[in-house]
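Peer 1: One structure, as structure tokens, below. Some questions next.
The values are calculated or read from the model by the stated rules, or taken from the named source; none is laboratory data. It should be emphasised that the depicted structure is a prediction, and the values quoted were computed from it without experimental measurement. Note that we place each Cβ from the backbone using ideal geometry, even for glycine, and neighbour counts take in every protein chain shown. In case anyone asks, the SASA skips ligands and DNA or RNA and just uses the protein heavy atoms, side chains included. Shrake-Rupley method; radii C 1.70, N 1.55, O 1.52, S 1.80 Å.
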Amino acid sequence: MNAPQSTQFMRAVRITGHGGPEVLEPADVAVPALRADEVLVQVSSVALNNTDLWTREGAYGRPGNPGATSGWRGPIDFPRIQGADVAGRVVAVGDAVEDSLVGRRVVVDPAIYDSEGPDANPVGLMGSERDGGYAEYVTASAKRVHDVTESPLTDDQLAALPTAYGTALGMIERGRLGKGETALVSGASGGVGIALVQIARARGARVIAISSGPKMDAVRAAGAHEVIDRAGDVAEQIRAAAPEGIDVALDVVAGELVSAGLPLLREGGRWVIAGALGGYDVAFDVRRLYLHNAQVIGSAMHTPTHFELLMDLARRAEVDPVIAATFPLEQAARAQEELARRGHVGKIVMHP
């Protein structure tokens, strides 16, 4: 079924190479052509993530060369339309897709997986390894769009879910966080951090969150039982808040926090890492692992099973994404600058 637009062109914002916000350029580009198994989504809201900044900057490094300029999983094909997190409406479907999806409100799973199985690993990302949602339209495999028409969440809130809440849920699932356990959340005022606090609290965990002073009240309002000021002695504050230790650390900061925090895990504790805001070069005493049956777990985004669980939460409004600010698409550079300042709590969203 052909796209029902009156024009074959759309507004988009692309990066033309690695660099600062100046490489984000508005452009009129062709509406992406539909493959047989795809749908065309008219973008209502697209949320920003740290991966937008790091992909634009080429900050991910490469195996054996951590300082190399690289996208999320390797070289980027330029120009590239950024934007992993899309909520919108299906306006057309490919020949192999049921027409019943047309008109439905959907969220796109942005992951590119290494297999078709329910526990597949993400090896690419929309907006990095393929064009994304900094545009009026985006295509996606019909298997990767999730009907959320009946969700009471707004389009902005739905767009806030895929990367931040998908990453958070992936961390919680891989860390096997259970009811009654104590969870430590680092970087708690960011998009992933707020998601971790909300989902861990909903799981019945006791949540201890680390945040900066001005944002501590907002993190507490998101559901944290206790909030630690990162400007103080973090390890000492954790000991005071959890004298019997931490069951699961949900960490997007890494850096010195890992070496300081590993001794605070309980027997069989799990330290789950999904970011390196505090630095990627980490040293720790390995005896803290094998003497206490502890684990350090890397977690990149989510599996298809995790994402379906997330969409069920969205349909029932069991998560409540916080929207910090909205921008028109044409102000993508300004929106990314705002994200990089880290003065906000929650998610920044753009409207094409």
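Peer 1: Under the rule of at least 5 residues apart or a separate chain, name every residue whose amide H is placed under 5 Å from the amide H of A59.
Peer 2: So A59 has HN proximity to S70.
Peer 1: Per-residue HN-Hα couplings for the range 72-89, Karplus 6.51 cos²θ - 1.76 cosθ + 1.60 at θ = phi - 60°, whole Hz, x for Gly and Pro?
Peer 2: Running phi through 6.51 cos²θ - 1.76 cosθ + 1.60 with θ = phi - 60° gives 4, 10, x, x, 9, 7, 9, x, 10, 7, 7, x, 8, 10, 10, 10, x, 10 Hz.
Peer 1: Quick one: if you stick a label point 7 Å off each Cα along the C-beta vector at T305 and H18, how many nm between them?
Peer 2: Computed distance between label sites T305 and H18 equals 3.5 nm.
Peer 1: Under the 0.36 nm per residue contour assumption, what length would be gained going from the current alpha-carbon distance of R341 and N65 to full extension? Let's see the in-between values first.
Peer 2: Working: separation 276, 0.36 × 276 = 99.36 nm, distance 2.73 nm.
Here the answer is 96.6 nm.
Peer 1: With a 1.4 Å probe and all protein chains kept in place, how do R270, R174 rank by accessible area, largest first? Walk me through the intermediate numbers first.
Peer 2: On the way: R270 20, R174 55 Å².
Sorted descending by solvent-accessible area, the residues read R174, R270.
Peer 1: State the extension gain, in nm to one decimal, for the chain segment bounded by L289 and E226, taking 0.36 nm per residue of separation less the distance between their alpha-carbons. Please report the intermediate quantities before stating the final value.
Peer 2: Working: separation 63, 0.36 × 63 = 22.68 nm, distance 2.61 nm.
Gain in length upon complete extension: 20.1 nm.
Peer 1: Right, next: Keeping all protein chains in place and using 1.4 angstrom, which order do Y290, Y60, Y113, Y165 fall into by accessible surface area, from largest down? Each step should come with its number before you reach the end.
Peer 2: Details: Y290 145, Y60 70, Y113 30, Y165 5 Å².
Of Y290, Y60, Y113, Y165, the descending order of accessible area is Y290, Y60, Y113, Y165.
Peer 1: If you place +1 on the Cβ of every Lys and Arg and -1 on the Cβ of every Asp and Glu, how big does the dipole about the Cα centre of the chain come out, in debye to the nearest 20? Let's see the in-between values first.
Peer 2: Working: 33 positive and 44 negative charges, 116 e Å.
The dipole magnitude comes to about 560 debye.
Peer 1: Within the chain, what whole-number % of the accessible surface is contributed by carbon and sulfur, with the 1.4 Å probe and all protein chains included in the calculation?
Peer 2: Working: 7120 of 14720 Å².
Carbon and sulfur atoms account for 48 percent of the accessible area of the chain.
Peer 1: Which ³J(HN,Hα) values, rounded to whole Hz and listed in residue order, are derived for the range 216-224 from phi using the Karplus coefficients 6.51, -1.76 and 1.60 in 6.51 cos²θ - 1.76 cosθ + 1.60 with θ = phi - 60°, glycine and proline given as x?
Peer 2: My calculation for the range 216-224 gives 5, 5, 5, 5, 5, 5, 6, x, 5 Hz in order.
Peer 1: So who's got an amide H within less than 5 Å of the one on S45, skipping anything under 5 residues away but keeping other chains? H placed 1.01 Å off N, in plane.
Peer 2: A87
Peer 1: Using mean Cβ contacts within 10 Å as the protection proxy, how do 291-297, 279-285, 90-96 order, highest first? Please list the in-between numbers first.
Peer 2: Values: 291-297: 15.0, 279-285: 12.0, 90-96: 17.9.
Packing proxy ranking, top to bottom: 90-96, 291-297, 279-285.
Peer 1: Ignoring everything except DSSP H segments at least 4 long, calculate the 222 nm mean residue ellipticity for the chain; use -39,500 (n - 2.57) per segment, divide by total residues, nearest 500. Provide the component values of the computation, followed by the final result.
Peer 2: Details: 10 runs with 80 residues, N = 352.
Result for the chain: -6000 deg cm²/dmol, rounded to the nearest 500.
Peer 1: Ordering I348, I273 by how much accessible area each has at a 1.4 Å probe, largest first, what is the list? All intermediate terms of the calculation are to be shown ahead of the outcome.
Peer 2: Values: I348 0, I273 45 Å².
Largest accessible area first, the residues go I273, I348.
Peer 1: So, one more: Please list the non-local residues whose amide H lies under 5 Å from the amide H of V296, H modeled 1.01 Å from N, same-chain partners needing a gap of 5 or more.
Peer 2: Under 5 Å from the amide H of V296 lie the amide H atoms of W271, each far enough along the sequence or on another chain.
Peer 1: First measure r as the distance between the Cβ atoms of A27 and R315, then evaluate 1/(1 + (r/R0)^6) with R0 = 45 Å and state the FRET efficiency to the nearest 0.05. Show your work: numbers first, answer last.
Peer 2: On the way: r = 35 Å, r/R0 = 0.78.
Efficiency, rounded to the nearest 0.05: 0.80.
Peer 1: Could I get the Rg over Rh figure for the chain? Both from C-alpha atoms, Rh via Kirkwood, rounded to two places. Don't jump to the answer; show the numbers that get you there.
Peer 2: Working: Rg = 20.0 Å, Rh = 20.6 Å.
For the chain, the value is 0.97.
Peer 1: A follow-up question, please. Counting heavy atoms of the protein chains only and a 1.4 Å probe, report the per residue accessible area for the chain as a whole number of Å². List each step's numbers first, then the result.
Peer 2: Working: 14720 Å² over 352 residues.
Dividing the accessible area of the chain by its residue count gives 42 Å².
Peer 1: How much accessible area does V29 have with a 1.4 Å probe, in Å² rounded to the nearest 10?
Peer 2: It works out to around 20 Å².
Peer 1: Here's another thing I want to ask about it. Picking from S299, L277, L289, whose Cα lies most toward the positive end of the charge dipole for the range 272-319 (charges on Cβ: Lys, Arg +1; Asp, Glu -1)?
Peer 2: My answer, from the dipole projection, is L289.
Peer 1: For the range 166-204 and the range 33-73, write down the distance between their C-alpha centroids in whole Å.
Peer 2: 24 Å
Peer 1: Can you give me the angle between helix 191-202 and the longest principal axis of the chain, using Cα atoms only, in degrees from 0 to 90, rounded to the nearest 10?
Peer 2: 70 degrees
Peer 1: State which stretch of the chain is the longest one without any exposed GluC sites (Glu not before Pro), exposure meaning a DSSP loop state and at most 14 other Cβ atoms within 10 Å.
Peer 2: Values: sites that count: E98, E116, E150, E244, E318.
Between exposed loop sites, the widest span is 1-97.
Peer 1: Tell me, what ³J(HN,Hα) does each residue in the range 254-263 have, in order and in whole Hz, if you take phi through Karplus 6.51 cos²θ - 1.76 cosθ + 1.60 with θ = phi - 60° and put x for Gly and Pro?
Peer 2: 6, x, 5, 4, 5, 5, 6, x, 3, x
Peer 1: Is the C-alpha gyration tensor of the range 47-206 telling us rounded, prolate or oblate? Criteria: a/c under 1.5 is rounded; beyond that, a/b larger than b/c is prolate, otherwise oblate. Write down the numbers at each step before the final one.
Peer 2: On the way: a/c = 1.76, a/b = 1.09, b/c = 1.61.
Judged from the Cα gyration tensor, the range 47-206 comes out oblate (a/c at least 1.5, b/c at or above a/b).
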